[in-house]
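Read through the structure below, which is laid out as structure tokens, and then see the notes.
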Amino acid sequence: SGDVGLKTNTAKIIRVYNTLGQTRKELVSHILSDNIKNPVVTDKNGKVVPSQRSIENGKDCLIFFAEVPPLGFASYQIKTNPLRSIQKNSRHVIQLKGRIKVKTDQFEVLFNPAKGGVIEQLVYKKKG
């Protein structure tokens with residue numbers, strides 16, 4: 001499988017190809033462009049596809065599952081989510097000396113992949 005991006009003003013269309021004779025459901029990772037804020041992924045019917053932001057090799061990426069028919073392709077759109085409530089729960093992933101720190105508006109969690117993903121630090125940010 002692979003992807004080709006077609007840009008619109010504030011959205012990008014990703015095509016995922018399947019060269020096999022059977023349906024595939026695979027993870028897709030796509031590098032985000034700067035003009036898409038609070039990204040959301042939708043399928044060809046406009047249905048929201050669950051996705052997650054991550055940092056891969058220092059680049060902001062979006063990961064989602066794509067379901068692709070045999071010997072065909074599926075199109076997905078990545079665009080700015082119009083819901084402002086998403087901004088409250090934004091996440092940041094930072095790599096620190098082989099460890100991964102995930103920050104949200106409520107927590108900071110430090111994971112150590114070398115030790116099987118063990119949580120080394122968990123901080124709850126008190127509100128008000």
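The values are calculated or read from the model by the stated rules, or taken from the named source; none is laboratory data. Model, not experiment: these values are computed from the prediction. So basically every Cβ, Gly included, is an ideal-geometry build from the backbone, and we count neighbours across all protein chains shown. Ligands, DNA and RNA are stripped out before the accessible areas are found, and what is left, the full protein with its side chains, is counted by its heavy atoms. Shrake-Rupley method; radii C 1.70, N 1.55, O 1.52, S 1.80 Å.
Does region 10-23 contain any residue that is at pLDDT below 90 and open to solvent by 50 Å² or more (accessible area, probe 1.4 Å)? Yes - at least one qualifying residue is present in region 10-23.
Within region 61-79, being farther than 23 Å from Thr23 by Cβ and open to solvent by less than 50 Å² (accessible area, probe 1.4 Å) holds for one residue alone: Cys61.
Filtering region 69-94 to residues that are within 20 Å of Tyr124 (Cα to Cα) and either modelled with pLDDT of 70 or more or among the β-branched types (Val, Ile, Thr) (or both) leaves Ile86, Val93, Ile94. Taking first residues from region 106-128 that are acidic (Asp, Glu) and partners that are in a loop (DSSP other than H, G, I, E, B) and surrounded by 10 or more Cβ atoms within 10 Å (Cβ to Cβ), the Cβ contacts under 9 Å between residues at least 6 apart in sequence or on separate chains come to Glu108/Lys125. Scan region 100-127 for residues that are open to solvent by 80 Å² or more (accessible area, probe 1.4 Å) and not in a strand (DSSP E or B) and the total you get is 4. As a summary of the residue check, Gln52 satisfies the conditions (1) open to solvent by 90 Å² or more (accessible area, probe 1.4 Å); (2) at pLDDT below 90; (3) part of a loop (DSSP other than H, G, I, E, B) except for the one numbered (3). The set of residues from region 24-49 being over 10 Å from the mean Cα position of the chain (by Cα) and open to solvent by less than 60 Å² (accessible area, probe 1.4 Å) comprises Arg24, Ser33, Ile36, Asn38, Thr42, Asp43, Gly46, Val49.
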